[in-house]
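Trainee: Sharing a structure, written as structure tokens. Questions coming.
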Amino acid sequence: MTESTSIDRSTIWPYEEGEPGPFFYARYSHPTGVEAERALGALEGGRALLFPSGAAAATAALLGLARPGQTVAVAHGAYYGTALLVRELEAWGLRLLEFDQTGPPPEDADLVWLEAPSNPFLTFPDLEAASAHPGTVLVDATASTPVLVRPLEHGADLVLHSATKYLGGHHDLLLGALVCRYEEHYARLLALRGRTGAVASPDAAWLLLRSLRTLALRVERQSQTALELARRLDAHPAVARVRYPGLGPDPRAARYMQGGFGGLLSFDVEGDARKVETSLRVIRNATSLGGVTSTLEARRRWEGERVPAGLLRLSVGLEDVEELWSDLEQALAAL
Ligand SMILES: *Cc1c(COP(=O)(O)O)cnc(C)c1O
């Protein structure tokens, strides 16, 4: 027993008696990756596969699970990169449809793509309605993590994570994951990964193992702080609207998310959102989410017209709640 797993950076492992063993070439699999996949799979209740980023995991899901001519129904207001990616693959015959994930998915969808909760609109999918749909159901649970929701237990077929966010948690690793309920999906995606070469590095897998040890504590604390900040922002005169699953009655989120509502929220200000961004002193004016340090940014710069001009997305880190609130108050005073 060692306290920390060692990283094996080998790309080859010698055959045994002329036969390849469980590991022979790192593009197919490597020991650190397999160990991290085991740990994540146990948390989600399925079989996990790591990819070099969330976007690479999404690409593998689309190429591995959908066929030319098929329809991918993506939740409205979900991670903006997902719709862009499906649109990119329209040239290979996929069809994109966007729908309201709080209701049942469109009947003609072959692959249903939900987000629990959506980034940055914080809507929560109706997992029961989706699981009654005949199509393959994938839930991007980046923002909730298995600490709060385990979508496979609610009928989803696959879970996707940008492990760059909460699972990694420290703004120091780029990683993605798919967790499969069915062996058939797992085998298909494993073969595709080996062929396309979209393999996560041993170093990234090792960092994930390190991070999973504190995942539950981080998410619990981030949820508590985010709920408190969401309530205070909701009462602030400069804030027109707050989106957070734990604010107001959202029976769907409450039913599925146990033990908190996560560290991600968004709110709208009237006036120049950039003034809030540039006045921050503690919270980083940066993109991404899920790290131990808080980040905030106006999403208009990336998402264009689909988000309100004054929408600010806040990812709550592990700083003291009062320190974060003082920072937000003084930044909002710049409006
Ligand atoms: C960031 C993000 C992704 C993409 O993940 P990368 O690791 O940046 O490639 C996918 N889904 C959601 C919800 C995200 O926040």
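The values are calculated or read from the model by the stated rules, or taken from the named source; none is laboratory data. For clarity, every value in this text was computed on a predicted model and none was experimentally measured. Cβ placement follows ideal geometry from the backbone for every residue including glycine, while neighbour counts extend to all protein chains displayed.
Trainee: Can you name the condition, by its number, that Val147 falls short on among (1) over 25 Å from Gly290 (Cβ atoms); (2) surrounded by fewer than 24 Cβ atoms within 10 Å (Cβ to Cβ)?
Mentor: (1)
Each row is one residue, and each column tells you yes or no for (1) loosely packed, with under 13 Cβ neighbours inside 10 Å; (2) without any contact (Cβ under 8 Å) to a residue 40 or more places away in the chain.
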site	(1), (2)
Phe23	no, yes
Leu40	no, no
Leu50	no, no
Leu65	no, no
Thr71	no, no
Ala75	no, no
Thr82	no, no
Gly103	yes, yes
Asp110	no, no
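Trainee: Of the residues that sit in segment 1-52 and are of a type in the set (S, T, N, Q) and modelled with pLDDT of 95 or more, which one is nearest to Arg150 (Cα to Cα)?
Mentor: Thr32
Trainee: Can you give me the number of residues within segment 289-305 that are surrounded by 15 or more Cβ atoms within 10 Å (Cβ to Cβ) and within 15 Å of the ligand (Cβ to nearest atom)?
Mentor: The total comes to 8.
Trainee: Just to verify a result, which residue in segment 232-254, among those that are surrounded by 14 or more Cβ atoms within 10 Å (Cβ to Cβ) and farther than 20 Å from Pro308 by Cα, is modelled with the lowest pLDDT?
Mentor: Filtering segment 232-254 for residues that are surrounded by 14 or more Cβ atoms within 10 Å (Cβ to Cβ) and farther than 20 Å from Pro308 by Cα, the one modelled with the lowest pLDDT comes out as Asp250.
Trainee: Which one of Val269, Val316, Val321 is surrounded by fewer than 23 Cβ atoms within 10 Å (Cβ to Cβ) and modelled with pLDDT of 95 or more?
Mentor: Val321
Trainee: So, of the residues in segment 133-147 that are polar (S, T, N, Q) and within 16 Å of the ligand (Cβ to nearest atom), which turns out to be nearest to Ser162 (Cα to Cα)?
Mentor: Filtering segment 133-147 for residues that are polar (S, T, N, Q) and within 16 Å of the ligand (Cβ to nearest atom), the one nearest to Ser162 (Cα to Cα) comes out as Thr142.
Trainee: Every residue in segment 204-220 that is surrounded by fewer than 19 Cβ atoms within 10 Å (Cβ to Cβ) and out of contact with any helix residue (DSSP H, G or I) (no Cβ under 8 Å at 6 or more places or on another chain), please.
Mentor: Result: Arg210, Arg213, Thr214, Leu217.
Trainee: Tally time: how many residues in segment 170-204 are within 16 Å of the ligand (Cβ to nearest atom) and in contact with a Pro (Cβ under 9 Å, 6 or more places away or on another chain)?
Mentor: So the answer is 9.
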